[in-house]
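This report concerns only the one structure given below.
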Amino acid sequence: MDYLLTADKVSYERFYRSVFGTVSIHLDAGGCVLLTGANGAGKTTLIKLLAGVLRPTAGTVSSIEQHFIGHQLGLHQELTVQENLQWYLRLWTRGVDRQQAKQRIDEALSRLQSLSLRSQRAGGLSAGQAKRAALARLFLVPRSLWLLDEPFVNLDQASIDLLLSEIRAHCAGGGGAVIASHALGLADLPRSQRLKLPIIRPAQHREHAHE
Amino acid sequence: MNLDWLSGPHAVYILPAYAIALAVYLYTALAPVFSGKRQLRQIADIHQHQDQQPS
Amino acid sequence: MSSHTSFWKRCKTWFHRWGSPAWFYRTSGLIIPWLWAGFFLLAIPGLIWGLSIAPPDYLQGDSYRIIFIHVPSAWQSMLIFAVMAILALIGMVWRIRVAETLAMCCAPIGAAFTIVTLATGSLWGKPTWGTFWQWDGRMTSELVLLFLYLGVIGLQQAIEEPRKAARAAGLLALVGVVNLPIIHYSVEWWTTLHQGTTISFFGESSIDASMLWPLLIMAIAAKFYFGAALLTRTRNTLLLQDREKNWVRETVQGEKS
Amino acid sequence: MNNLLIIAGHDLRLAFRRRNEWFQPLWFLLLVVALFPLGIGPQPALLAQIAAGVIWIAALLANMLSLESLFREDANNGRLEQWLLMDGSLPALAAGRTTAHWLITGLPVILISPLLAAWMQLPQAAMGTLVLSLLLGTPTLSLLGSLGAALTLGSRQGGMLLALLIAPLSVPVLVFATSAVSDAASGFDPETQLLLLGVILLFAITLVPFAIAAALRIHLQE
């Protein structure tokens, strides 16, 4: 059983303080991990670790190619949504001609009913619109592992339901997702593990430095 | 042992050269020693503080 | 065969133990007094020999006696940059925090050696060349070396998160050490272009034995000094970094009692 | 290689939209060079003697000032993270960004250099060498500058710090380029210096993008 994502005994230190202690995650096809925890518990740090943006201070992370959508949405303010997605498409795929690209971008945008955003400047979008534009990347290029950091923030109820159904379909289709969020709707996913990150107070982590 | 260069013409260059060297090297060597002591006291206080009220 | 492998294994574990801040703190604590002893045992006789026993130079008279602080400092300033780059590389490749900290503590000491080299060089230049500053090859590349040191220190202080600062400054040190020979060559080339060959009074080969010995003794003394100063600085930084860890709590209580 | 072209092309198209950012380094260069005759006086003989140094130092300063925000925007909006996730292509992306920057700011400097040479009374014989030295030297400065931009991403005062970090590394380029031009001005053959500039350029092209990638990765691991 090869996992989509394995992280064993992973920890991260910032200013020489461990952010979330030590965490192990094994995500197999069809599974979904829900990261919860108070603000500052290190959810964003952990997801960035799993995505490979951050390198863990201890422990190892291995995963297949994945989509990572964090707080920073990765949209260039002066480009339109279409141009932003075109940028990603041309970086991620080879030999996609203009017509094919345009069609794939429209298809990706329509998955979250955000086709209307296509020619708007990313800088001019509302927070919710920008989030939807960023989430469109999930459908631009099929990847079986999704790492989403607070995906439901700023979305209206309709979009939240849409995204939930997309995530369920993705997991059902053999994909996997790690989602840092407080939204409740995900509890009923078939194989969802819930991981609550404790708040690490300075005094608590006096673990012995490795001898 | 002849130190007559002390009264010679070049003393005015040799002495300041060694003085500067002494000053700079003393500072680079001793600064961490003193800051180390101060730091030890500060860290001791932190731990003292934490021991009194176990969180 | 077994003694061979166990020797190599012992080296490896010895190397790894240095990676642990607690072990480093304790061991360096034991070494530092010896380093200071070595420094004084060499520096004092070296200075006495250089400043009083060695005869005046037939050409320069006594102003050459500055050589016993100028040349060792110059050699040491370049050596420290190389040591800093190697430590930064170890820290970056194997992600050993102690190596990164050692590299960052090298920078101020290296800058100190460079400043002394420049100061003593210009004080020596006055009686020899008549001016406090002569754009000759060595002094110019020493000046560029000082700017490289200040760059590393400046970058390390400009970035907030200490480990990120250490890595960024370490990378700059690596880029710097790769550039040092090119800079040195281009500056040497540049000086020969503008003034023809400068008459450098203390070409290593032309010194006779009575001057060479004190010079070497002072050079070795400089290494002891560097070792002691570096370990002292690094111990403090490591202590500060791990101030909330258990080994620090025990050391602090041990030290206080 | 493909990624390099994509990024370079993308940045060039973007630059078309922000025309004003093009001209600032150019204005700055013209201003700095123009200040020297005002400061030192118009005697042709004197100006000609310092012409090479003035033009090159002005080009160095203009290059550093224009590089300060090279990666800052993409670091803030999150695109830099996405670059990092395309493992293996960070050096190519960094090289693409630097190439685009050189085309936007380096090339105009070369095109305008005859005017600068005229202002500084540089003899006609040295004009060709000046352009050639700029052609061989400014890409290295752009590469070093973008390394500085990547290193100072994490700090607040980027511009000044970038100049302090990169100026010492640019000494060889400055030394060889200015002596090439002044040699050509006084009738000598500047070939060796130009060859050395070429060597340094090849050296920089192969190594510096990896250093930039490392610096970007260090910044992202905040």
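Of note:
- Test: C:R95 is on the phi > 0 side of the Ramachandran plot, more than 16 Å from the chain's Cα centre (by Cα), at the interface with another protein chain (Cβ under 9 Å from one of its Cβ atoms) and surrounded by fewer than 23 Cβ atoms within 10 Å (Cβ to Cβ): yes
- Sole exception among (1) part of a helix (DSSP H, G or I); (2) without any contact (Cβ under 8 Å) to a residue 40 or more places away in the chain; (3) not assigned by TED's automatic domain parsing to the domain that holds A:L34 for A:A134, by number: (2)
- Test: residue in region C:64-72 that is of a type outside the set (S, T, N, Q), within 8 Å of chain B (Cβ to nearest Cβ), open to solvent by 30 Å² or more (accessible area, probe 1.4 Å) and out of contact with any Lys or Arg (no Cβ under 8 Å at 6 or more places or on another chain): no
- Residue-level check: of (1) touching a Ser or Thr at 6+ places or on another chain (Cβ under 9 Å); (2) more than 12 Å from chain D (Cβ to nearest Cβ), A:D161 misses just (1).
- Screening A:Y3 with (1) modelled with pLDDT under 85; (2) assigned to a strand (DSSP E or B); (3) among the hydroxyl-bearing types (S, T, Y) gives one miss only, at (2).
- Candidates A:Q77, A:Q86, filtered to the one that is within 14 Å of chain D (Cβ to nearest Cβ), closer than 30 Å to D:R13 by Cα and either open to solvent by less than 60 Å² (accessible area, probe 1.4 Å) or within 18 Å of the chain's Cα centre (by Cα) (or both): A:Q86
- Candidates C:L102, C:L123 - the one that is more than 10 Å from chain B (Cβ to nearest Cβ), open to solvent by 10 Å² or more (accessible area, probe 1.4 Å) and touching a residue at least 12 places away in the same chain (Cβ under 8 Å): C:L102
- Test: residue in region A:43-53 that is over 14 Å from the mean Cα position of the chain (by Cα) and either assigned to a loop (DSSP other than H, G, I, E, B) or of a type in the set (S, T, N, Q) (or both): no
- Flag for A:Q72 being within 15 Å of A:L148 (Cβ to Cβ), in contact with a helix residue (DSSP H, G or I) (Cβ under 7 Å, 6 or more places away or on another chain) and free of Cβ contacts under 8 Å to residues at least 40 places away in the same chain: yes
- If you check D:L31, D:L61 for being surrounded by fewer than 18 Cβ atoms within 10 Å (Cβ to Cβ) and more than 21 Å from D:L143 (Cα to Cα), only one passes: D:L31.
- The test for being out of contact with any Cys (no Cβ under 8 Å at 6 or more places or on another chain), touching a residue at least 12 places away in the same chain (Cβ under 8 Å) and among the aromatic types (F, W, Y) does not hold for C:W23.
The values are calculated or read from the model by the stated rules, or taken from the named source; none is laboratory data. Just so it is clear, the structure is predicted and the values come from calculations on it, not from any experiment. Glycine gets a Cβ as well: all are built from the backbone with ideal geometry, and neighbour counts include every protein chain shown. Surface accessibility is based on the protein's heavy atoms, side chains included, excluding ligands, DNA and RNA. Shrake-Rupley method; radii C 1.70, N 1.55, O 1.52, S 1.80 Å.
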